[in-house]
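Here's the structure, in structure tokens; my notes come after.
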């Protein structure tokens, strides 16, 4: 997926975080999290981690450099990935470090950290996590945590790490997930979706968010169905009489990432993978940031003061940072100050994240790219009563 050399990543350490881009965000344990995440054993009961889970964790390496980690446990198998949470421009594959290992019944875990090495075509080990995976339970509500030591594969340097399950205070609401799978045998396609949903005390407010998410994804799914239908009709018209249709099946897979949320808003990045034939699927992203107080989706312009020329500010930063990434070949076009170039934007604790799809600023093989614009850059133009105001105080 990615072509850039991995010299920095293969020598991963905190010095990597400082030299291969801007400085990682200093950890703020209160940012975008429920205060319950700060629980210590003195405030609750230490309990084993569940035998099966898939969770997002946030925390720090060396006690100060912020990171975000996903972990999935299936019995004794533990897999996942992580990245340093910092501003700047990134090739997504190079930013993400993969994790795979084992965990025993006592919660003792060992994870091998690797990156994809495109020169060799395989995975290159860059480090190892050794630590304890467990949870802290208060009134039956358990928050998972993982802490221990990271060991560099290159020089055996060790650093401490500590992460805990990411939890959001949604003001009486809570996240749920809706998974669906459908197919059309006549048109030979299937659609599989995983969508964020809300549940909780305010059923009306939760329902409006759920409707917005469903409508947002349904629009994309409708475009896919239309394209598949047109392909099927064209194929039928061109196929000799009596010849059966091709066995190949088209597909649409939809997944998501919640980049930030609190009782005022939810910011979601959706991933769409379409396959309608050819050498590889087509991938794309699109974002939905939803104002829970207004019960409405938020436009990018809503975050900034009128007349501030926010696109120019974001574009200037994006182009400057993308030029530092070796896999990028056309930042001036793909990140120019045009609304269509910034359709995938999300609020994150460290800045406003812009996702650039394949082909937008680089070749398909170079994959997706991201730019996280720090709030310090945006502060002069942030709307005082908008969703970003809390980040620029």
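Tabulated results
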| read-out | value |
| --- | --- |
| Subset of the range 73-127 (residues that are in a loop (DSSP other than H, G, I, E, B) and surrounded by fewer than 20 Cβ atoms within 10 Å (Cβ to Cβ)) | 75, 76, 96, 104, 105, 106, 107, 118, 119, 120, 121 |
| Filter result (crowded, with 19+ Cβ neighbours inside 10 Å and either under 22 Å from residue 356 (Cα atoms) or not assigned by TED's automatic domain parsing to the domain that holds residue 209 (or both)) within the range 262-283 | 266, 267, 268, 269, 270, 272, 274 |
| Enumeration of residues in the range 358-372 that are out of contact with any helix residue (DSSP H, G or I) (no Cβ under 7 Å at 6 or more places or on another chain) and either assigned to a strand (DSSP E or B) or surrounded by 20 or more Cβ atoms within 10 Å (Cβ to Cβ) (or both) | 362, 366, 372 |
| Count of the range 132-165 residues which are at positive phi and either modelled with pLDDT under 95 or touching a strand residue (DSSP E or B) at 6+ places or on another chain (Cβ under 9 Å) (or both) | 3 |
| Residue list for the range 326-347, filter: in contact (Cβ under 8 Å) with a residue 40 or more places away in the chain and either buried (at least 23 other Cβ atoms within 10 Å of the Cβ) or within 22 Å of residue 282 (Cβ to Cβ) (or both) | 327, 328, 342, 343, 344, 345, 346, 347 |
| Test result for residue 375, assigned by TED's automatic domain parsing to the domain that holds residue 261, more than 21 Å from residue 92 (Cβ to Cβ) and touching a helix residue (DSSP H, G or I) at 6+ places or on another chain (Cβ under 6 Å) | yes |
| Residues that are part of a strand (DSSP E or B) and surrounded by 17 or more Cβ atoms within 10 Å (Cβ to Cβ), drawn from the range 163-198 | 163, 164, 165, 173, 189, 191, 193, 195, 196, 198 |
| Which listed residue is exposed (fewer than 14 other Cβ atoms within 10 Å of the Cβ), more than 24 Å from the chain's Cα centre (by Cα) and closer than 20 Å to residue 185 by Cα, from 201, 230 | 230 |
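The values are calculated or read from the model by the stated rules, or taken from the named source; none is laboratory data. Every value quoted in this text rests on a predicted model; they were computed, and no experiment measured them. Glycine also receives a Cβ, built like all others from the backbone with ideal geometry; neighbour counts cover every protein chain displayed.
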